[in-house]
Amino acid sequence: MITSRVDVTHVQIEHLKTLVTGPVQTSESALESHGHDESAWPSVSPSVVVYANSTEEVSAVLKYCSQEVIPVVPFGAGTSLEGHILPVFGGISLDVTNMNKLLEIKADDLMVRVQTGMHRMELNQRLSSYGIFFSVDPGADATLGGMASTGAAGTTTVRYGSMRDNVLALTAVLADGTIINVGRGTRKLSAGYDLTRLLVGSEGTLAVITELTLQVYGIPEKMAAAVVRFPNLAQGVEAASLIVRSGINIARGEFLDATCIRNVNLHDGLSLAEAPTLLFEFHGSASGVAEEAEAVREIVTEFGGSDFEWTTNEEERRKLWQARHNAHWAGIAANPGFRSISTDAAVPLSKLAEAVKIADEAWSASSFNHAILGHVADGNFHCFVLTDPKKPGELEEIRKVSHEITSKIIAMGGTCTGEHGIGVGKIDDLVEETGAEAVAVMRAIKAALDPVGILNPGKIFR
Ligand SMILES: Cc1cc2nc3c(=O)[nH]c(=O)nc-3n(C[C@H](O)[C@H](O)[C@H](O)COP(=O)(O)OP(=O)(O)OC[C@H]3O[C@@H](n4cnc5c(N)ncnc54)[C@H](O)[C@@H]3O)c2cc1C
């Protein structure tokens, strides 16, 4: 077990240079850029940044680090939100972004094979000429390896599922350097323990994933976007829940409160009415999307929704969703100098309105500015809470309020994290949610796969 910071020695760094063909960096800028993610967690620098160029190089690095007891933190795009990539015990930041090849496109099988350093937007650019796309869309331009490792989801999960549903197979390197291939390029599989899904969401603590076989989808004939405003948060959330329950085939269903709308208007040059707003997207044939939009219009009107508009105009649709994806950056831009903390509760649909109300009231009673947005169609919402990095004491206060809300979410059958993961931020919440016995099973799996404890120590459990 690693219990204190490990500073990699000069001799070890020289040896690491013999194991990889990519750069091995110790410059201040390299250490700084690999020492923080997009959360408000204070930075922690690694001793060295190592770029691996192949599965075999990852294997050689891990084998050496297991022997030398050097912590290894896999690094993708660094967009995670719970301090996942912070090298809290020092050691190596193992950057896999040079491993970014699109290895195979099997359009007939609706499958692709990629190296894990590839970014999701580049993958979709490369796939568009084949009439297919990869659906998981966490907003940020994350790497596919980072997305697999956090079990990422996003705006399209209601229709196409999350990384847990769309990773079919993978190649991974265990802590001792052993290379394993798990899963198959088939839509069904019932062969032994499901190691693919064990590694998806393991946050770099069990293995370094180097290749992924992903399920992809045909680009729909027509896509339509719709927008509707509500007098208050509760009515918007209740309308969204009923739309999902009624079986309307929405591809996206997102909620933004009035503060988020104000921020994206400023950031993206839009003029949306500053009110609680639902955004939808429909995928299908021209008549199908029109029918779905009409069915949604009927439901939102029942819940006080007004100014319902929908469009199949591609530019308008893209602009609207770009604004939604920019909501995080728009919130930061509207509050210069501040950092944000994003909560990530998910609850059963029937509890969504109550959960959002609990969170909204708790943050409104605190001294912190907040906004609420979410993947309401999945029962998942984020409170975007602002903190001044010049006042580090605020983090503790925010964590306290957040933990109180999370306890209530857990008590109503929800989870502390629908898609961001545990990282360093939700270790206590995980125990409260799943119980000490289940966490002990997780620890046993960790000990079996990484007995020296080199892989991303200090994440998921202390
Ligand atoms: C504006 C914004 C919006 C976001 N919206 C969403 C959202 O809607 N849904 C969502 O799920 N997330 C969202 N996120 C969070 C983030 O984008 C995801 O967590 C994403 O999956 C992280 O990918 P990454 O490449 O940045 O990984 P990193 O941050 O580099 O790493 C994340 C974790 O994965 C591990 N890791 C990285 N690569 C590998 C690998 N090859 N093998 C093993 N472990 C690895 C790291 O050690 C770390 O623990 C958002 C972030 C931002 C900034």
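Is it fair to say Lys357 is farther than 21 Å from Ala153 by Cα, touching a residue at least 60 places away in the same chain (Cβ under 8 Å) and not in a loop (DSSP other than H, G, I, E, B)?
For Lys357, the condition - farther than 21 Å from Ala153 by Cα, touching a residue at least 60 places away in the same chain (Cβ under 8 Å) and not in a loop (DSSP other than H, G, I, E, B) - is met.
For the condition over 22 Å from Thr157 (Cα atoms) and touching a strand residue (DSSP E or B) at 6+ places or on another chain (Cβ under 8 Å), what is the one hit in Asn249, Asn263, Asn232, Asn313?
Matching residue, one of Asn249, Asn263, Asn232, Asn313: Asn263.
Can you find a residue in the stretch 440-448 that is over 19 Å from the mean Cα position of the chain (by Cα), within 14 Å of the ligand (Cβ to nearest atom) and surrounded by 17 or more Cβ atoms within 10 Å (Cβ to Cβ)?
Looking for residues that are over 19 Å from the mean Cα position of the chain (by Cα), within 14 Å of the ligand (Cβ to nearest atom) and surrounded by 17 or more Cβ atoms within 10 Å (Cβ to Cβ), one finds at least one in the stretch 440-448, hence yes.
Of these, Leu278, Leu199, Leu256, which one is crowded, with 21+ Cβ neighbours inside 10 Å, within 27 Å of Gly379 (Cβ to Cβ), of a type outside the set (Ser, Thr, Tyr) and not assigned by TED's automatic domain parsing to the domain that holds Glu315?
Leu199
Name the pairs whose Cβ atoms lie under 9 Å apart, with the first residue in the stretch 406-426 and at positive phi, the second away from the ligand (no atom under 13 Å from the Cβ) and not in a helix (DSSP H, G or I), and 6 or more positions between them or separate chains?
These pairs meet every condition: Gly413/Val347; Gly413/Pro348.
Which residues, taken from the stretch 334-347, are away from the ligand (no atom under 12 Å from the Cβ), over 19 Å from His36 (Cα atoms) and of a type outside the set (Val, Ile, Thr)?
Passing the criteria: Ala334, Asn335, Ala345.
For the stretch 300-321, enumerate the residues that are aromatic (Phe, Trp, Tyr) and part of a strand (DSSP E or B).
Selection gives Phe308, Trp310.
Among Thr205, Thr210, which is the only one that is of a type in the set (Ser, Thr, Tyr), closer than 17 Å to Pro457 by Cα and crowded, with 24+ Cβ neighbours inside 10 Å?
Thr205
Collect the residues in the stretch 419-428 that are under 15 Å from His382 (Cβ atoms) and of a type in the set (D, E, K, R), keeping them in residue-number order.
Those that are under 15 Å from His382 (Cβ atoms) and of a type in the set (D, E, K, R): Glu419, Lys426.
Which residue, of Leu103, Leu170, is under 30 Å from Gly379 (Cβ atoms), touching a residue at least 12 places away in the same chain (Cβ under 8 Å) and more than 17 Å from the chain's Cα centre (by Cα)?
Leu170
A quick yes/no check of all residues on (1) under 24 Å from Ala334 (Cβ atoms); (2) in contact with a Pro (Cβ under 9 Å, 6 or more places away or on another chain); (3) touching a residue at least 12 places away in the same chain (Cβ under 8 Å); (4) not small (Gly, Ala, Ser):
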{"position": "Ala226", "(1), (2), (3), (4)": "no, no, yes, no"}
{"position": "Ala239", "(1), (2), (3), (4)": "no, no, yes, no"}
{"position": "Val244", "(1), (2), (3), (4)": "no, no, yes, yes"}
{"position": "Ile248", "(1), (2), (3), (4)": "no, no, yes, yes"}
{"position": "Glu254", "(1), (2), (3), (4)": "yes, no, yes, yes"}
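One residue is enough: does the stretch 29-52 have a residue meeting the conditions free of Cβ contacts under 8 Å to residues at least 12 places away in the same chain, outside the structural domain of Pro336 (by TED's automatic domain parsing) and surrounded by fewer than 20 Cβ atoms within 10 Å (Cβ to Cβ)?
Looking through the stretch 29-52, at least one residue is free of Cβ contacts under 8 Å to residues at least 12 places away in the same chain, outside the structural domain of Pro336 (by TED's automatic domain parsing) and surrounded by fewer than 20 Cβ atoms within 10 Å (Cβ to Cβ).
Among the residues of the stretch 264-285, is there at least one that is outside any loop (DSSP other than H, G, I, E, B), of a type in the set (Phe, Trp, Tyr) and farther than 14 Å from Ala323 by Cα?
yes
Go through Ser271, Ser246, Ser285, Ser306 for me and flag whichever is small (Gly, Ala, Ser), assigned by TED's automatic domain parsing to the domain that holds Asn380, surrounded by fewer than 16 Cβ atoms within 10 Å (Cβ to Cβ) and touching an Asp or Glu at 6+ places or on another chain (Cβ under 9 Å).
Ser285
For the subset of the stretch 372-397 comprising residues that are assigned to a helix (DSSP H, G or I) and within 14 Å of the ligand (Cβ to nearest atom), which member is nearest to the chain's Cα centre (by Cα)?
Asp378
Please go through the stretch 381-417 and give me each residue that is surrounded by 22 or more Cβ atoms within 10 Å (Cβ to Cβ) and in contact with an Asp or Glu (Cβ under 7 Å, 6 or more places away or on another chain), ordered by number.
Correct list: His382, Thr406, Cys416, Thr417.
Pairs needed: first member in the stretch 334-350, of a type in the set (Asp, Glu); second member anywhere, assigned to a loop (DSSP other than H, G, I, E, B); C-beta distance under 6 Å; at least 6 residues apart or different chains.
Here the result reads Asp344/Thr417; Asp344/Gly418; Asp344/His420, each pair linking the stretch 334-350 to a residue that is assigned to a loop (DSSP other than H, G, I, E, B).
Assuming Leu127 fulfils every condition listed in (1) out of contact with any Ser or Thr (no Cβ under 9 Å at 6 or more places or on another chain); (2) outside the structural domain of Ala148 (by TED's automatic domain parsing); (3) touching a residue at least 40 places away in the same chain (Cβ under 8 Å) apart from one, which condition is it?
For Leu127, the exception is condition (2).
Arg229 - would you say it is basic (Lys, Arg) and farther than 20 Å from Phe134 by Cβ?
yes
The values are calculated or read from the model by the stated rules, or taken from the named source; none is laboratory data. Since we're looking at a predicted model, the values are computed, not measured. Because the Cβ atoms are built from the backbone with ideal geometry, glycine has one as well, and the counts that use them run over all protein chains shown.
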